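> Structure provided below as structure tokens; questions to follow.
The values are calculated or read from the model by the stated rules, or taken from the named source; none is laboratory data. Nothing here was measured: the structure is a model prediction, and the numbers come from that model. Cβ placement follows ideal geometry from the backbone for every residue including glycine, while neighbour counts extend to all protein chains displayed.
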Amino acid sequence: MDEAAGEVGSMKAPSKQHLIDPEICTGCFSCLAVCPESAIVEENRQLAIDPDLCRGCEACLDECPSGAIHNWRDVSGRSFFTLEEQFSWDRLP
């Protein structure tokens, strides 16, 4: 089973997701430079992680000097947070 997904019947449902805390992120773009999947997206100097592209390699975690990337935020019971949702945040929900 994929570490970021749980089983629901015979289908996989998301249970964990990397998220960038906009209150902590300094906008240095280090994570953007190291992501091998190009899953980190910038919009108006705010960063978010595309859940459709992120494969959970965690390269961004070690690279982030401020610790703004939450490692496997629990999203059980809902779908992944979209890029649109992430870009609307001033802080993590």
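> The conditions are (1) out of contact with any strand residue (DSSP E or B) (no Cβ under 9 Å at 6 or more places or on another chain); (2) farther than 17 Å from residue 15 by Cβ, and residue 55 fails exactly one of them. Which is it?
Condition not satisfied by residue 55: (2).
To keep it simple, each residue is scored yes or no on (1) loosely packed, with under 13 Cβ neighbours inside 10 Å; (2) over 13 Å from residue 80 (Cβ atoms); (3) over 10 Å from the mean Cα position of the chain (by Cα); (4) not charged (D, E, K, R).
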residue	(1), (2), (3), (4)
17	no, no, no, yes
20	no, yes, no, yes
26	yes, yes, yes, yes
34	no, yes, yes, yes
37	no, yes, yes, no
47	no, yes, no, yes
54	no, no, no, yes
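> So the check is Cβ under 6 Å with 6+ separation or different chains; which pairs have a first residue in the range 56-78 that's over 18 Å from residue 89 (Cα atoms) and a second one that's in a helix (DSSP H, G or I) and at pLDDT 95 or above?
Pairs that qualify, where the first residue is over 18 Å from residue 89 (Cα atoms) and the partner is in a helix (DSSP H, G or I) and at pLDDT 95 or above, are 59/34; 60/31; 63/30; 63/31; 63/34; 64/31.
> Among the residues of the range 48-68, is any at pLDDT below 95 and touching a Phe, Trp or Tyr at 6+ places or on another chain (Cβ under 7 Å)?
Scanning the range 48-68, I find at least one residue that is at pLDDT below 95 and touching a Phe, Trp or Tyr at 6+ places or on another chain (Cβ under 7 Å), so the answer is yes.
> Shifting gears a bit: Scan the range 38-46 and tell me whether some residue there is closer than 11 Å to residue 18 by Cα and of a type in the set (Asp, Glu).
Checking the range 38-46: not a single residue is closer than 11 Å to residue 18 by Cα and of a type in the set (Asp, Glu).
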